[in-house]
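Reviewing the structure listed below.
The values are calculated or read from the model by the stated rules, or taken from the named source; none is laboratory data. It should be emphasised that the depicted structure is a prediction, and the values quoted were computed from it without experimental measurement. Positions of Cβ are generated from backbone atoms using ideal geometry, with glycine treated the same way; all protein chains shown enter the neighbour counts. Side chains included, ligands, DNA and RNA excluded: accessible areas come from the protein's heavy atoms. Shrake-Rupley method; radii C 1.70, N 1.55, O 1.52, S 1.80 Å.
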Amino acid sequence: MGSNSVGKSTVCEALELILGPERMFRQPVVDEHDFYGGCYQPVGEELPETRLEAVLTGLSPAAERQFGPHLRRWSDETADFADLEPGALEQADAGQWCLPVVFLGRYDPQEDDFFGGTFFAHPMKMEDALGEESSELGAGMRPFTREDKRHCIAQRAVRAWTAIRGATPHGVEGKGLRAVVQDALGAHQ
């Protein structure tokens, strides 16, 4: 996986913040160490924010139905959203559906506490030219709830378990359970 101090644990913690269904019950959800350089205090009117983005691919048909309005097409060829280039939507049907999500964390000086949440990152929030910009965390985005996270995890677990059950003892021999699950998930994406 890599030598010490290269960020393996940091990446795992970031994924837990984004996708962990129970993480939001840990208080505080984030702390000063989750902000670049420990800078979490307001700078003028600006509140520094921790922002973690993830794109979930290999969605099951059930997940595609459940998260339909929040899906975008993904291009494996460019490793990016298929609808970014002008005229790309015509070819986007060839890409797989993906689910972009984002975790946002912030310090609240009035409450002297940290808070955060995961949201669907698509569709993008619409700016209201007549109204004031909201300072609410995730303003305009729909929360990616604990149940949504569980649905994603359950779908992947079912695919992994199905692949593991179908594995022969020879295919599992010499591998840890984690390696078998990772191989199974990779084969079913």
Rounded if a/c is under 1.5, else prolate if a/b beats b/c, else oblate: with a ≥ b ≥ c from the C-alpha gyration tensor eigenvalues square-rooted, which is the range 8-101? prolate
Quick tally, 1.4 Å probe accessible area for 83, 148, sorted with the most first, runs 83, 148
Report the net charge of residues surrounding residue 15, where surrounding means a beta-carbon distance below 12 angstrom and charges are Lys +1, Arg +1, Asp -1, Glu -1. 0
Could you tell me the relative contact order of the range 1-101? Use alpha-carbon pairs under 8 Å, at least six residues apart, and round to a whole percent. 23
12 Å beta-carbon shell around residue 52, net charge (K/R +1, D/E -1): -3
Which value, in Å² and to the nearest 10, is the accessible area of residue 39 when all protein chains are kept and the probe is 1.4 Å? 90
